[in-house]
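Nothing in this text is a laboratory measurement; each read-out follows from the coordinates by a stated rule. Treat the numbers as computed from the prediction; the structure is a model and nothing was measured. We place every Cβ from the backbone using ideal geometry, glycine too, and count neighbours over all the protein chains shown.
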Amino acid sequence: MTNICKINFKIKGKGIPIVLLHGFMESIEIWNYIYNSISNKYKVISIDLPGHGKSSLKLEKDSIFTMEKIAEIVKNIVYKKNVQKAVFVGHSMGGYVALAIAEKYPEMFLGLCLLHSTTISDTLEKKRNRIRSIQLAMNNYPLFVSTSIKKLFYNKKLSSLQEEICFVNKMALHIHINSIISFLKGMSIRKDRKFLLKTTQFPKLYIAGLYDRILDIQKIYEETRNGNQIYFFAIPTGHMGHIEQPKEIIKILENFIDYSIE
């Protein structure tokens, strides 16, 4: 059983609507620099996904929170703010949520940016890794968080990214362990949505990290090759481009957004 108590979000700016969806163990704070920068040009909606940030979510220990459930919540928030169409930007798990929205409500999309994300479902090995992660989280949550967060960043720049790592680590430690377990399960059973690359007519942007230890950049590139209106950018970061190189992300996003609404 799940009981959603409150969903936190913020809106700033005017113009073309942009919806920012953060990744696993993050919150709307992860977008602070990008949110404040692009809201000078666009109407930006940033949402704390259930159980993250200031969005509360009560879960039983064995609950599974799926991408489809989150998609409905996000869709309802966007509609309540009288936004009929938007460019969705999803980081990692946020991309999985955006894809679930796109499957059911493609008419909502002016464009989609998958930032360090993929349409492909978990492999068997990836599923097993998520189960092992659940066990580690249950046994030693602080260790699970610190180990997981370090893997997100470019490993050769960890010493120069300590402030950013601590920022994300602190964010993750505020999330209840039941939410962590539920979302790990939800991501492991998400469906493959690669077909959307061909069936949807709106522009799609991939931003991938050259040094991403979560998603193999070559596999991401191969994923993009047979779709419709797909653009691919590789940047010299790990899995956290919006923290590691936010100015570069803004530049790529603004070019894509301006193209999407022509």
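Could you give the Stokes-Einstein D for region 1-155 in µm² per second, using the C-alpha Kirkwood radius, 20 °C, 1.002 mPa s?
Stokes-Einstein gives a translational diffusion coefficient of 130 µm²/s.
Running a GNM on the chain with Cα contacts under 10 Å, which residue among Y221, Y35, Y96 ends up with the highest mean-square fluctuation?
Of Y221, Y35, Y96, the Gaussian network model singles out Y221 as fluctuating most.
What do you get for GluC sites (Glu not before Pro) in region 1-103 restricted to DSSP loop and a cutoff of at most 16 other Cβ within 10 Å of the site's Cβ?
Loop-located and lightly packed - E60.
Looking only at region 70-110, which residues have a backbone nitrogen under 14 Å from a spot 7 Å from the Cα of T199 in the C-beta direction?
99-107
With springs connecting C-alpha atoms under 10 Å apart, model the chain as a Gaussian network and identify which of N82, N228, N36 has the largest mean-square fluctuation.
Answer for the Gaussian network model of the chain: N82.
In nm, what is the difference between 0.36 nm times the number of residues separating H174 and N76 and their Cα-Cα distance?
On the way: separation 98, 0.36 × 98 = 35.28 nm, distance 2.52 nm.
So the extension gain works out to 32.8 nm.
Please work out how much length the chain gains when fully extended from N36 to N139, using 0.36 nm per residue of separation minus the C-alpha to C-alpha distance, in nm with one decimal. Walk me through the numbers on the way to the answer.
Details: separation 103, 0.36 × 103 = 37.08 nm, distance 3.81 nm.
Fully extending the segment from N36 to N139 adds 33.3 nm.
Sort Y105, Y79 so the one with the fewest other Cβ atoms within 10 Å of its own Cβ comes first.
Lowest count first: Y79, Y105.
Using +1 at the C-beta of Lys and Arg and -1 at the C-beta of Asp and Glu, which of W31, H242, I47 has the Cα lying farthest in the positive direction of the dipole of the chain?
I47
Name the most mobile residue of M67, M138, M108, meaning the one with the largest mean-square fluctuation, in a Gaussian network model of the chain with Cα contacts below 10 Å.
For the chain, modelled as a Gaussian network with Cα springs under 10 Å, the answer is M138.
Would you mind getting me the FRET efficiency between L158 and K10? Use the beta-carbon distance for r and R0 = 22 Å, nearest 0.05.
For L158 and K10, the calculated efficiency is 0.10.
Measure off 7 Å from each Cα along the Cα-to-Cβ vector at K219 and D258, then give the distance between these two points in nanometres to one decimal.
Simple spin-label model gives 3.5 nm for this pair.
Tell me the Rg and the Dmax, in Å, that the Cα atoms of region 2-260 produce.
That works out to 16.9, 48 Å for Rg and Dmax.
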